[in-house]
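**Q** Here it is, the structure, as structure tokens.
The values are calculated or read from the model by the stated rules, or taken from the named source; none is laboratory data. Keep in mind that this is a model prediction, so the values were computed, not measured. Cβ: placed from backbone, ideal geometry, glycine included. Neighbour counts: every protein chain shown.
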Amino acid sequence: MPLADFPRVRLAHTPTPFEPMDGLTKLLGGPRLYVKRDDCTGLAMGGNKARQLEFYLGEAKAGDADTILITGAVQSNYLRMAAAAAAKLGMACEIQHEERVPGMGADYHSSGNVLLDRVLGATIHTCPGDADEKAADAALEAIAGDVRARGGRPYVIHLGEDHPPLGALGYIDAAREVLDQASQAGLAMDLIVVPSGSALTHVGMLIGLRLAGSKVPVLGICVRRGGDEQADRVLRRASEVADMIGKPGLIGAEDVWVDDRVLAPGYGIANDETLEAISLAARHEGLLLDPVYSGKALAGLIGLVREGVIAPDQTVVFLHTGGTPALFGYQSLFG
Ligand SMILES: *Cc1c(COP(=O)(O)O)cnc(C)c1O
């Protein structure tokens, strides 16, 4: 089915800005760096999920749902933005906090996105730390059962691989925006760098570029899983999206590029490279990145520049996917 036929609601402020990062370009001695500001999508403080939610909430609305359900990490930006989207559309929202990140303190559990979840009026549930993706989904289904038993009409936003990757559709437009903005600025892009978690942002960007006939490579910096596992996931999800929009075979293994150099020690845990990237972006660009996603993605990009994998004469676009509120949940890192 063509993209235009998928149910959709408008939530994101688009097109988001496209800006040079002159300070970081100078500091690193090239490549020429640009940033696509998807931290500026609006919807309760912005981020990549605004574009993804347009399609989930579109389906929810088309199915006459009255309650949105979603599960994720305690400091998930997705949960915060789903709560905002539900509020905007007059729906209730039940969110499930998964204790995915061990050893986190009081700020992590009460500030940043958690504070905003509360302000936005979401009902908050918690799920034990040892739950994997499937177990967390099952626990969420149980909550959906309770909503149904109360006479509600739940819509569950599923990010697991046994559900269609609807959110990726939101990034097809983002790819078109980047292509337009780069061409208006007279730039030949050599590379687009994105964080790769559920991989739907990564996949949507890739699909959008190839649909528009662009061969620009997309590099996904792993924030959740190791490189081999993530590469498989990107290819599987990309094939599904290509099928969904009636373009089977659009993406092949040669399109998939991921790098997990800054993933350790694991999801949601910042390392020295990430803290350095957050600090450099803040102090040389006035940009606020987060320790879980956008900071790690920039750290991966900086690492590849320093190693010469990304050459000084290249033009690189960094997708800033947001996450800024999580800084407040991780404030002890910035003592
Ligand atoms: C969710 C999220 C990501 C990861 O996006 P996926 O589509 O899940 O790969 C990146 N950055 C931020 C700030 C996020 O909230």
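**Q** With the requirement that a residue be out of contact with any Gly (no Cβ under 6 Å at 6 or more places or on another chain) and near the ligand (Cβ under 8 Å from one of its atoms), what does region 189-202 give you?
**A** 195, 197, 198, 199, 201
**Q** Also: Is there any pair with a first residue in region 209-236 that is under 13 Å from residue 253 (Cβ atoms) and a second that is in a helix (DSSP H, G or I) and within 16 Å of the ligand (Cβ to nearest atom) whose Cβ atoms are under 7 Å apart and which are 6 or more apart or on different chains, and what are they?
**A** Here the result reads 234/202; 234/203, each pair linking region 209-236 to a residue that is in a helix (DSSP H, G or I) and within 16 Å of the ligand (Cβ to nearest atom).
**Q** Examine region 304-318 for a residue that is in a strand (DSSP E or B), under 16 Å from the mean Cα position of the chain (by Cα), within 9 Å of the ligand (Cβ to nearest atom) and not basic (Lys, Arg), and state whether such a residue exists.
**A** Checked against the condition, which is being in a strand (DSSP E or B), under 16 Å from the mean Cα position of the chain (by Cα), within 9 Å of the ligand (Cβ to nearest atom) and not basic (Lys, Arg), region 304-318 yields no hits at all.
**Q** Scanning region 285-303 for residues that are closer than 16 Å to residue 23 by Cα and either touching a residue at least 24 places away in the same chain (Cβ under 8 Å) or not in a loop (DSSP other than H, G, I, E, B) (or both), which turns out nearest to the ligand (Cβ to nearest atom)?
**A** So the residue we want is 289.
**Q** Hey, another quick one. From the list 253, 270, 282, 326, which one is small (Gly, Ala, Ser), assigned by TED's automatic domain parsing to the domain that holds residue 183 and either in contact with a strand residue (DSSP E or B) (Cβ under 9 Å, 6 or more places away or on another chain) or within 13 Å of the ligand (Cβ to nearest atom) (or both)?
**A** Only one candidate qualifies: 326.
**Q** Could you figure out which of (1) closer than 29 Å to residue 7 by Cβ; (2) within 16 Å of the ligand (Cβ to nearest atom) isn't true of residue 219?
**A** So the condition that residue 219 fails would be (1).
**Q** Now a separate question. Quick one: which helices (runs of 4 or more DSSP H) sit completely within region 44-112 and have at least 2 residues that are touching a residue at least 40 places away in the same chain (Cβ under 8 Å), of a type in the set (Gly, Ala, Ser) and within 14 Å of the ligand (Cβ to nearest atom)?
**A** 77-88
**Q** Tell me, which residue of region 152-165 that is at pLDDT 95 or above and within 14 Å of residue 238 (Cβ to Cβ) is farthest from the ligand (Cβ to nearest atom)?
**A** Filtering first and then ranking leaves 164.
**Q** Mind listing just one residue for me: the one in region 256-267 that is closer than 17 Å to residue 73 by Cβ and not aromatic (Phe, Trp, Tyr) and, of those, nearest to the ligand (Cβ to nearest atom)?
**A** Taking the candidates together, the pick is 263.
**Q** Moving on. Being closer than 19 Å to residue 142 by Cα, buried (at least 24 other Cβ atoms within 10 Å of the Cβ) and modelled with pLDDT of 95 or more: is that true of residue 54 here?
**A** no
**Q** Return the residues of region 20-41 that are among the small types (Gly, Ala, Ser) and assigned to a loop (DSSP other than H, G, I, E, B); say none if nothing qualifies.
**A** Scanning region 20-41 gives 29, 30.
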